[in-house]
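Shown next, in structure tokens, is the structure this report addresses.
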Amino acid sequence: MLTAVLAGGLLLRRGQQTLTLPAADRLAIGGAAFCGAMIGAKLPFAIWAMAGVEPSAAGPTTGPAAGPAIGFGLGPWFASGKTILTGLVGGYLAVEFTKWLLGIRTKTGDTFAVPVAVSVAIGRLGCFYAGCCYGTPTSLPWGVVFPSAGPTPRHPTQLYETAFHLAAAGVLAALHGAGLLRRQLLKLYIIAYAGYRLLSEAIRPEPAYLLGMTAYQWASVAIIAGMAWLWRRDAAQVQPRSPART
């Protein structure tokens with residue numbers, strides 16, 4: 001996790017050198033992104049723990065088994081379990097809120113896209129090493145036996161995600177270098193990842209709820225809808241006005 005944070009921080013610092021912002025503002029935005037992501041990633045598990053609900057059939061999204069519900073207080077915030085889905089949203093919202101507080105109007109999302117993708121790719125390697133976030137049983141030759149899940153080989157969904165995020169980082173870097181989809185790259189990344197999770201939940205041992213979809217799938221649908229709305233709003237703001245008719 002430390003390697004992921006350091007790699008993302010270095011890439012972000014390099015990418016934000018082109019922004020016309022004081023160093024203090026860049027630091028505030030970067031700190032807000034980190035804190036918002038950590039809070040957002042932990043929030044669902046803290047709520048589930050306080051409500052006494054087991055969030056996942058495969059244990060917490062990251063870390064060792066969560067164990068019984070802890071109840072109200074600070075305990076749930078320091079227990080195991082985080083999810084990248086709400087972490088991405090938490091980081092995005094924290095940056096937007098901080099920019100609003102500081103009166104910053106400069107668009108910064110594009111500078112976050114590649115660093116975040118690289119960070120998550122490294123973080124998923126940590127999940128693989130920790131033996132959490134594994135998939136459903138499989139007979140494929142690359143199935144992996146995770147000690148916490150028994151002797152049956154399972155999909156190494158952590159490695160699948162690492163491959164996805166590294167590929168996303170490459171595509172985002174190419175788009176940024178070509179000047180394509182400016183102001184929308186971070187939204188594109190979040191939408192793409194939510195779409196990936198919507199599909200990959202089919203090979204993850206998560207309990208199904210409404211309409212046979214897991215909580216992560218419903219969260220993915222909401223995230224896609226929200227980011228698509230933000231994309232449309234931002235695109236409308238930069239379109240030139242049509243000349244008045246005479």
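Quick grid of which residues meet (1) assigned to a loop (DSSP other than H, G, I, E, B); (2) touching a residue at least 60 places away in the same chain (Cβ under 8 Å); (3) touching a Phe, Trp or Tyr at 6+ places or on another chain (Cβ under 9 Å):
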position	(1), (2), (3)
S148	no, yes, yes
G170	no, no, no
G177	no, no, no
K187	no, yes, yes
I191	no, no, yes
G195	no, no, no
L199	no, no, no
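One line per residue, one yes/no per condition, for (1) in contact with a Cys (Cβ under 8 Å, 6 or more places away or on another chain); (2) modelled with pLDDT of 95 or more; (3) polar (S, T, N, Q); (4) open to solvent by 70 Å² or more (accessible area, probe 1.4 Å):
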| site | (1), (2), (3), (4) |
| --- | --- |
| P141 | no, yes, no, yes |
| T157 | yes, yes, yes, no |
| L172 | no, yes, no, no |
| A194 | no, yes, no, no |
| T214 | no, no, yes, no |
| R232 | no, no, no, yes |
| A235 | no, no, no, no |
| P243 | no, no, no, yes |
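Of the residues making up the stretch 7-27, those that are outside any helix (DSSP H, G or I) and buried (at least 16 other Cβ atoms within 10 Å of the Cβ) are L19, L21.
Here is a yes/no grid of residues against (1) closer than 24 Å to R105 by Cβ; (2) not polar (S, T, N, Q):
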{"site": "S139", "(1), (2)": "no, no"}
{"site": "P153", "(1), (2)": "no, yes"}
{"site": "A163", "(1), (2)": "no, yes"}
{"site": "R183", "(1), (2)": "yes, yes"}
{"site": "P205", "(1), (2)": "no, yes"}
{"site": "I224", "(1), (2)": "no, yes"}
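Take the conditions out of contact with any Leu (no Cβ under 6 Å at 6 or more places or on another chain), under 25 Å from Q17 (Cβ atoms) and acidic (D, E) and apply them to E161. Does it pass? No; evaluated as a whole, the condition is false for this residue.
The values are calculated or read from the model by the stated rules, or taken from the named source; none is laboratory data. All of these numbers come straight from a predicted model, not from anything done at the bench. Note: ideal-geometry Cβ built from the backbone for every residue, glycine included; neighbour counts use all protein chains shown. The protein model used for the area step is the full one, side chains on, heavy atoms only, and it has no ligands, DNA or RNA in it. Shrake-Rupley method; radii C 1.70, N 1.55, O 1.52, S 1.80 Å.
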